[in-house]
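The structure under discussion appears below in the form of structure tokens.
The values are calculated or read from the model by the stated rules, or taken from the named source; none is laboratory data. Everything numeric here is computed off the predicted structure, so don't read it as measured data. Ideal geometry is used to build each Cβ from the backbone, glycine not excepted, and the neighbour counts take in all protein chains shown. Heads up: the accessible areas ignore ligands, DNA and RNA and are worked out on the full protein's heavy atoms, side chains in. Shrake-Rupley method; radii C 1.70, N 1.55, O 1.52, S 1.80 Å.
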Amino acid sequence: MKYSFEQKANTSVTNLWALYADVNKWFTWENDLEEISLDGLFETNTKGSMKLVNMPTMVFELVKVIPEETFIDKTTISNVGEIYFIHELRATNANETSITHSVEFIPSNRKPEINDLQFVSKIFEDVPASIFALIEAATNDSKI
């Protein structure tokens, strides 16, 4: 089960990627983020942890990182399933980028069910706002 949101931005892939690759900059585009840490470099197989407002600390893993193109992080919830947060950038011209953020849920030991819609919808609800905050942060960073 996967939800996606796509938006074009008048900024470069490089400006946007800089906000992804430094997890301390996630605070500029993730409004419910309280804490985040990464146990190594921003690359495939690196683990980290984050705490969102009104949520317990969660461990995540960067399962795929292709610089200036995509990164996917995975959070596993015991006896529930895996949640993948997919972040993709695609240059559409010299200074315009298409940004797509997706949330995919894979339940443990069963197929997705209609009841999973509410769970995944709740996780996804902040995604469009985070893309607009990402665009604003990238635009402001490029002016400095």
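For Ser12, what accessible area in Å² do you get when you roll a 1.4 Å probe over the heavy atoms of the protein chains, rounding to the nearest 10?
We get 30 Å² for Ser12.
Please calculate the 1.4 Å probe accessible area of Lys64, with all protein chains present, and give it to the nearest 10 Å².
90 Å²
Show the residues, 5+ positions off or on another chain, whose built amide H is closer than 5 Å to the amide H of Thr46.
Leu62
For Phe124, Phe132, write out the residues from largest to smallest accessible area, computed with a 1.4 angstrom probe and no ligands counted.
Ranked list, largest accessible area first: Phe132, Phe124.
Would you please give the FRET efficiency between Ile77 and Ser98, computed as 1/(1 + (r/R0)^6) with r the Cβ-Cβ distance and R0 = 35 Å, to the nearest 0.05?
FRET efficiency, Ile77 to Ser98: 0.70.
Taking N as the number of residues in segment 1-100, what is its alpha-carbon radius of gyration divided by 2.2 N^0.38 Å?
Rounded to two decimals, the normalised Rg is 1.10.
For segment 58-98, take every pair of Cα atoms, bin their distances at 5 Å starting from 0, and report each bin as a whole percent.
Per 5 Å bin, starting at 0, the Cα pair percentages come out as 6, 21, 23, 17, 12, 10, 7, 3, 1, 0.
Which whole-number percent gives the relative contact order of segment 10-144, counting Cα pairs below 8 Å spaced six or more residues apart?
Relative contact order comes out at 23 percent.
Want the number for Glu125 to Asn10: 0.36 nm per residue separation, take away the alpha-carbon distance, what's left? Present the calculation step by step, with values, prior to reporting the outcome.
Details: separation 115, 0.36 × 115 = 41.40 nm, distance 2.37 nm.
Between Glu125 and Asn10, full extension yields 39.0 nm more.
So which GluC sites (Glu not before Pro) in segment 89-144 pass both tests, a DSSP loop state and at most 15 other Cβ atoms within 10 Å of the Cβ?
Here the GluC sites (Glu not before Pro) that fit, given the DSSP loop and packing criteria, are Glu113, Glu125.
Would you grab the residues whose amide H sits under 5 Å from the one on Glu34? Only those 5+ places off in sequence or on another chain, please, with H modelled 1.01 Å from N.
Lys51, Leu52, Val53
If you plug each phi of segment 52-66 into the Karplus form 6.51 cos²θ - 1.76 cosθ + 1.60 with θ = phi - 60°, what whole-Hz ³J(HN,Hα) values come out, in order, with x for Gly and Pro?
9, 3, 6, 10, x, 4, 10, 8, 9, 9, 7, 8, 7, 9, 10
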